[in-house]
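Quick notes on the structure that follows.
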Amino acid sequence: MSASTAKPASTAKPGARRPRRLTKRQQQRLVRGVLYVVFVAGLVGLVLLADWETTRRNFFNVELARTMFPEVLTIAARNTILYTFLAFSFGLTFGLLLALMRLSSIAPYRWLATIYIETFRGLPALLTIFLVGIGIPIAFGTRWPTLVTITLGLGIVAAAYMAETIRAGIEGVPKGQMEAARSLGMSYTRAMISIIIPQGFRIIIPPLTNELGLLIKDTSLLFVIGTTPATKELLKFGRDLLNINANATPLIVVGVVYLMITVPLTQLVRVLERRNARSR
Amino acid sequence: MTTDGSQTQVPAIEVRDLRKSFGELEVLKGFDFHVNEGEVVCVIGPSGSGKSTLLRCVNRLEEPTSGQILIEGEDITDVDADVDALRSRIGMVFQSFNLFPHLSVLRNLTIAQRRVRRRSKAEAHEVARSNLERVGLLDKIDAYPSHLSGGQQQRVAIARALSMDPDMMLFDEPTSALDPELVGEVLAVMRDLATEGMTMMVVTHEMGFAQEVGDRVVFMDDGAVVEEGPPEQVLGDPQHERTRRFLKMVR
Ligand SMILES: Nc1ncnc2c1ncn2[C@@H]1O[C@H](COP(=O)(O)OP(=O)(O)O)[C@@H](O)[C@H]1O
Ligand SMILES: [Mg+2]
């Protein structure tokens, strides 16, 4: 503890080993120091220079935020989740069908599935939503129930993406699994259902969860098909309030709600990926 | 284990002039071969000589290019043959075990019984238990394949095949993927099976097993039978230069 025991080692040969240049370690420490200084300076600058009152009024207006509750949760967030769920279920089911078609030994099935997948992955999602929500009703003079329109508008594209993910999962199952199943007398279909697809899905749970996250954000495109107060999803809900109040606070609130949904999901993906990696 | 002399009997497996090509590559070049009921035939030969292809043709995991395969007298190369029903009568054991990793040992053994044989849950469980006991792994009934050693996995794979009550068993180098110290336990199970009278076609590099358990040994090379006969003859006093060279290599 005393100074006499702490010093001697470093001062044993004064000057003799004094390096002329910085060691690699010292260099690194210097760079880190500079980066910290820049960060703190930026923060101080922001605090001093920003117009905090204007910012608070336009982005963090508590009174305005308060008026958004509970509807932002009971209507907007609920709809976002409902639409995501519907589109995901449709995409998963139809995507599985497309994946099986792509793997089929019957060539026309393969072509059909390939054309579908390439088409809807190649088009902007917005175009498909326009097509389903506006194009088809105009052409045939029929209007589907809103939920059907929404499910198809988002699900048609989701199915195309998920089909490729599912196909990769199925192809990721070792060939020996199908052979073992067939050698026990199972038909191709039975082997697919009991042996291959369950294993394929295990492989693709992380990418599928990712696609779920993308889908949540894609529900924000649904505004183009027109909504009633009861069918607004999060972004439309926030945008309308933005326009009415000429204030950005609703966007911040809606953004926070989005994050409350998507961040746990990305964390979940991380957990699943780690678990998958361990079970190999 | 050879059945003594009932001349009217049809072979369990009969292969006539079997040819199989993958594109330009002809792998089986007119193969003639048979296994009698209750017989254990060991197939030996260099790597790439077509042993796996031959075995896989027998239960039509590969489509033969030409020739005939008769299982208990029934032509299975016929387009109308019920391949699924045929396969359920032929047990197959793979070099890489191929257990279903997402299912417990019990479910590995019951799934085909339930889905293919349409057995009741109780019956399937009963059969599974007795076959696990047979391979000495009843205590692993609830384990998952990834928690078993290679030798244990292969014994479960044998029990899985046996649970379908097959008329015959095909083995494709069942011990080649195993650590040396685990080979014995798998061979012991196969030896028991042979003793119980199972019809077996075994592709193997275990010359000791072929010598001891085999009723007949077939040496094949380059897609055709080079020589066959009792193990003492083929392994002990080979007539062909290629057989001698091969045996010198594996010993
Ligand atoms: N599915 C396949 N496609 C193309 N070639 C194959 C296929 N399966 C086997 N072969 C070829 O057939 C030959 C015999 O293979 P195989 O029957 O596995 O031999 P072995 O089991 O005696 O080692 C090898 O040259 C191999 O590359
Ligand atoms: Mg082989």
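None of the figures in this text is laboratory data; all of them are computed from the coordinates on show. These numbers were taken from a predicted model, which means no experiment stands behind them. Methodologically, a virtual Cβ is constructed for each residue, glycine included, from the backbone with ideal geometry; neighbour enumeration extends over all protein chains shown.
Note on the stretch A:130-280: dipole from Cβ charges, positive end direction compared against A:L251, A:L235, A:G213; the farthest Cα belongs to A:G213. Here the Gaussian network model covers chain B, with springs between Cα atoms less than 10 Å apart; of B:E72, B:E24, B:E212, B:E24 fluctuates the most.
Taking amide H as placed 1.01 Å from N in the peptide plane, the amide H of B:V43 sits under 5 Å from that of B:V202, B:V203, B:T204, B:V218, each at least 5 places away or on another chain.
In what sequence, highest mean first, do A:33-41, A:73-81 appear when ranked by Cβ atoms within 10 angstrom?
Numbers: A:33-41: 10.0, A:73-81: 17.7.
Per-residue mean Cβ counts within 10 Å order the peptides as A:73-81, A:33-41.
When only Cα pairs below 8 angstrom with a gap of at least 6 residues are kept, the stretch A:99-153 shows a relative contact order of 25 percent. Each residue of the stretch B:95-100 is assigned a 3J(HN,Hα), and the resulting list reads 4, 9, 6, 6, 5, 7 Hz, derived from the Karplus form 6.51 cos²θ - 1.76 cosθ + 1.60 (θ = phi - 60°), x at Gly and Pro. Report summary: the helix-based calculation at 222 nm, which adds -39500 (n - 2.57) for every DSSP H run with n ≥ 4 and divides by the residues of chain B, gives -10500 deg cm²/dmol. Out of B:Q113, B:Q233, B:Q154, any idea which swings most in a Gaussian network model of chain B, alpha carbons joined below 10 Å? Of B:Q113, B:Q233, B:Q154, the Gaussian network model singles out B:Q233 as fluctuating most. Per residue, the convex hull spanned by the Cα atoms of chain A amounts to 298 cubic angstrom.
For chain B, the longest principal axis of the alpha carbon atoms and the long axis of helix B:150-162 meet at an angle near 90°.
Remind me, relative contact order of the stretch A:90-228 in percent, using alpha carbon pairs under 8 angstrom and six or more residues apart? Kindly include the intermediate steps, with their values, before the conclusion.
Working: 137 pairs, mean separation 43.7, N = 139.
RCO, the stretch A:90-228: 31 percent.
Stokes-Einstein, applied to the Kirkwood radius of the stretch B:178-241 over Cα pairs at a viscosity of 0.890 mPa s and 25 °C, places its translational diffusion at 191 µm² s⁻¹.
Our summary gives chain A a relative contact order of 25 percent, counting only alpha carbon pairs under 8 angstrom and 6 or more residues apart.
Per the Debye calculation on the stretch A:44-97 with a single equal scatterer at every Cα and no solvent contribution, log₁₀ I(q)/I(0) for q = 0.27 Å⁻¹ amounts to -0.97. Taking B:D17, B:D221, B:D82 in turn, the Gaussian network model of chain B (Cα-Cα springs below 10 Å) assigns the largest fluctuation to B:D82. Each residue of the stretch B:202-212 was assigned a 3J(HN,Hα) from its phi angle through the Karplus expression (A = 6.51, B = -1.76, C = 1.60, θ = phi - 60°), giving 10, 8, 7, 10, 7, 5, x, 5, 4, 4, 7 Hz with x at Gly and Pro. Other protein chain C-beta atoms within 10 Å of residue C-beta, averaged over B:58-65: 1. Rounded to the nearest 10 degrees, the angle from helix B:180-195 to the longest Cα principal axis of chain B is 90 degrees.
With the cut-off at 33 Å, report for chain B the share of all Cα pairs above it, as a whole percent. Before the final figure, lay out each step's value.
Working: 5551 of 31375 pairs.
Result for the distance tail: 18 percent.
Could you give the C-alpha radius of gyration of the protein assembly as shown expressed as a fraction of 2.2 N^0.38 Å, taking N as the number of residues it contains?
On the way: Rg = 34.2 Å, N = 531, 2.2 N^0.38 = 23.9 Å.
It is 1.43.
Screening chain A for DSSP H helices whose Cα atoms reach 18 Å or more along their own axis and whose mean Kyte hydropathy is at least -1.0 gives A:24-49, A:78-102, A:107-122, A:146-172, A:197-218, A:249-279. Derived scalar couplings between HN and Hα for the stretch B:107-116 equal 5, 4, 7, 9, 4, 6, 4, 6, 7, 9 Hz in order, rounded to whole Hz, by the Karplus curve 6.51 cos²θ - 1.76 cosθ + 1.60 (θ = phi - 60°), x for Gly and Pro.
Near B:M168, the amide H atoms lying under 5 Å from its own belong to B:G91; only residues 5 or more places off or on other chains count, and H is placed 1.01 Å from N. The packing ranking of peptides A:86-94, B:189-197, B:54-62, highest mean first, is B:54-62, A:86-94, B:189-197, where packing means the average number of other beta carbon atoms within 10 angstrom of each residue. Structure note, pairs A:K175/B:K20; B:K20/B:K140; B:K140/B:K248: Cα-Cα distances above 32 angstrom occur for B:K20/B:K140; B:K140/B:K248.
State whether the stretch B:99-207 is rounded, prolate or oblate according to the following rule on the C-alpha gyration tensor (a ≥ b ≥ c being the square roots of its eigenvalues): a/c under 1.5 gives rounded; otherwise a/b larger than b/c gives prolate, and the remaining case gives oblate. Taking the square roots of the gyration eigenvalues as a ≥ b ≥ c, the stretch B:99-207 is oblate. With the alpha-carbon atoms of the stretch B:1-89 aligned to their principal axes, the span from lowest to highest coordinate is 42, 33, 21 Å, starting with the largest. In straight-distance terms, cross-link reach from A:K217 covers every one of the lysines whose alpha-carbon lies under 24 Å from its own, apart from those fewer than eight places away in the same chain; here that gives A:K232, A:K236.
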